[in-house]
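Engineer: Provided herewith is a single structure, encoded as structure tokens, for subsequent inquiry.
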Amino acid sequence: MASVMQLAHRTAVVTGAASGIGRATAVALAQRKCHLALADLDEAGLAKTAELIAPQGVRVSCHTLDVSDAEAVAAFPDVVR
């Protein structure tokens, strides 16, 4: 696992990023200058998370994703690239 110092300018995928632990994880990663691909079913929640992260100046992309859909999860890396 990368140390905190090695997260800057890398990209992380955070599922469940619209609220709770997922949002907290996304904010913490952004504070460490990690770029983010956020995923959740809640589009409004994703937008709020992106808004919270914006001041950090990192790249953020938001994606609607149902992690219970195996095909959607399998295709997700191609969407994020």
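Read-outs throughout are calculated quantities, based only on the coordinates presented, and are distinct from any laboratory measurement. A quick note: this is a predicted structure, and the numbers were derived from the prediction, not measured. When we count neighbours, we look across all protein chains shown, and the Cβ atoms used for this are built from the backbone with ideal geometry, even at glycine.
Engineer: Using a ≥ b ≥ c from the Cα gyration tensor of region 38-81 (square roots of the eigenvalues), is it rounded, prolate or oblate, where a/c under 1.5 gives rounded and otherwise the larger of a/b and b/c decides, a/b for prolate?
Structural biologist: Oblate.
Engineer: Between ALA18, ALA44, ALA26, where does the largest GNM mean-square fluctuation fall for the chain, given springs only between Cα atoms within less than 10 Å?
Structural biologist: Of ALA18, ALA44, ALA26, the most mobile in the Gaussian network model is ALA44.
Engineer: Okay, moving on. Given (1) 1.56; (2) 1.27; (3) 1.03, which label gives Cα Rg over 2.2 N^0.38 Å as computed from the coordinates?
Structural biologist: The listed entry that was calculated here is (3).
Engineer: Would you mind checking which residues have amide H under 5 Å from LEU41's amide H? H placed 1.01 Å from N; only 5 or more apart, or other chain.
Structural biologist: LEU65
Engineer: Give the angle, between 0 and 90 degrees and rounded to the nearest 10, that separates the Cα long axis of helix 70-80 from the longest principal axis of the Cα atoms of the chain.
Structural biologist: Roughly 40 degrees between the two axes.
Engineer: Would you grab the residues whose amide H sits under 5 Å from the one on LEU36? Only those 5+ places off in sequence or on another chain, please, with H modelled 1.01 Å from N.
Structural biologist: ALA12, ARG59, VAL60, SER61
Engineer: In the neighborhood of ALA50, defined by Cβ-to-Cβ distances under 13 Å, what is the net charge if each Lys or Arg adds +1 and each Asp or Glu adds -1?
Structural biologist: Computed value for this residue: -1.
Engineer: Ordered by residue, what ³J(HN,Hα) values in Hz, to whole numbers, does region 46-59 give under the Karplus form 6.51 cos²θ - 1.76 cosθ + 1.60, where θ = phi - 60° and Gly and Pro are x?
Structural biologist: Residue by residue, region 46-59 yields 4, 4, 5, 4, 4, 5, 5, 7, 3, x, 6, x, 9, 6 Hz.
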